[in-house]
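Bear in mind these aren't lab numbers, they're just calculated from the coordinates by the rules spelled out. From a predicted model like this one, the values you see are computed outputs, not experimental measurements.
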């Protein structure tokens with residue numbers, strides 16, 4: 001009686017929840033590996049270069065252009081473009 005319900009839950013977990021958790025862990029790792037000098041893309045669509053960190057590395061200072069700096073929380077990072085370029089060049093070699 002409960003077997004079909006258990007099978008449906010197991011399939012949902014394998015197809016939906018597990019890949020999402022894997023993506024979330026990968027994003028957290030990427031956010032923690034950001035260093036000053038890295039070029040990043042924010043969730044708001046801004047491109048910039050990380051200049052430093054504040055408040056125990058929870059806030060980063062992002063330079064968008066000359067004399068234009070903003071403070072962002074780490075969770076607002078969508079992509080680390082510098083790390084992606086490094087991994088792409090390493091794969092080509």
Note down, for the chain, the three equivalent ellipsoid semi-axes (square root of 5 times each alpha carbon gyration tensor eigenvalue), biggest first, whole angstrom.
36, 17, 10
By how many nm would the segment from residue 23 to residue 66 lengthen if fully extended, with 0.36 nm per residue of separation less the alpha-carbon distance?
12.1 nm
Relative to the longest principal axis of the chain, what angle (0 to 90°, nearest 10) does the C-alpha long axis of helix 81-92 take?
70
For the Cα atoms of the chain, what angle does the longest principal axis make with the long axis of helix 3-12, in degrees from 0 to 90, nearest 10?
20
Relative contact order of segment 34-93: what whole-number percent is it, with Cα pairs under 8 angstrom and at least 6 residues apart?
32
Can you compute the helix-only [θ] at 222 nm over the chain? Use -39500 (n - 2.57) per DSSP H run of at least 4 residues, normalise by all residues, nearest 500 deg cm²/dmol.
-12500 deg cm²/dmol
The helix 18-32 Cα axis meets the longest alpha-carbon principal axis of the chain at an angle in degrees, between 0 and 90 and rounded to 10, of 20
